[in-house]
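**Student:** Quick one: this structure, given as structure tokens, is what I'll be asking you about.
The values are calculated or read from the model by the stated rules, or taken from the named source; none is laboratory data. Computed from a predicted model, the values in this text were never measured in an experiment. Glycine also receives a Cβ, built like all others from the backbone with ideal geometry; neighbour counts cover every protein chain displayed.
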Amino acid sequence: MTPTRIAIAAALASALAGTVAISERAEAQGKMTVEKCYGVSKAGQNDCQTDNSSCAGTSKKDNQPDAWIAVPKGTCQKIVGGMVKS
């Protein structure tokens, strides 16, 4: 893996981790609408349910198309590979 790809992957992972934490806090406060963003979670980091599992953290590979994470509404389409529907 090239240094550029490593830097991009690290930046994306950092942004996703921060976005999920922010979205969970905001959703709990009822101040932000979130959406399910499919195809962008790391293996084992999905929020909930895939086609083959009903539990969070059970995705088998990175960017699994049927695994999702919660992000603030409008954010998913800004993430490369992100889909609002699987």
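**Student:** Out of the residues in region 46-56 that are touching a residue at least 12 places away in the same chain (Cβ under 8 Å) and touching a strand residue (DSSP E or B) at 6+ places or on another chain (Cβ under 7 Å), which is surrounded by the most Cβ atoms within 10 Å (Cβ to Cβ)?
**Tutor:** Filtering first and then ranking leaves Asn46.
**Student:** Looking only at region 55-86, which residues are polar (S, T, N, Q) and closer than 27 Å to Lys31 by Cα?
**Tutor:** Thr75, Gln77, Ser86
**Student:** Still on this structure, please answer the following. Among the residues in region 16-30, are any part of a loop (DSSP other than H, G, I, E, B), of a type in the set (D, E, K, R) and modelled with pLDDT under 80?
**Tutor:** No - not one qualifying residue is present in region 16-30.
**Student:** Considering region 39-54 alone, what residues qualify as being over 13 Å from Leu12 (Cβ atoms) and touching a Ser or Thr at 6+ places or on another chain (Cβ under 9 Å)?
**Tutor:** Within region 39-54, Ala43, Gly44, Asn46, Asp47, Cys48, Gln49, Thr50, Asp51, Asn52, Ser53 meet the criteria.
**Student:** Moving on. Which condition number does Gly57 fail, the rest of (1) over 14 Å from Leu12 (Cα atoms); (2) touching a helix residue (DSSP H, G or I) at 6+ places or on another chain (Cβ under 9 Å) being met?
**Tutor:** Tallying (1) over 14 Å from Leu12 (Cα atoms); (2) touching a helix residue (DSSP H, G or I) at 6+ places or on another chain (Cβ under 9 Å), Gly57 fails exactly one: (2).
**Student:** Right, next: Name the pairs: first residue in region 61-82 and surrounded by fewer than 17 Cβ atoms within 10 Å (Cβ to Cβ), second residue not in a loop (DSSP other than H, G, I, E, B), Cβ to Cβ under 8 Å, at least 6 apart or on different chains?
**Tutor:** Pro65/Tyr38; Pro65/Met83; Asp66/Tyr38; Asp66/Thr50; Lys73/Val34; Lys73/Glu35; Gly74/Glu35; Val80/Leu12
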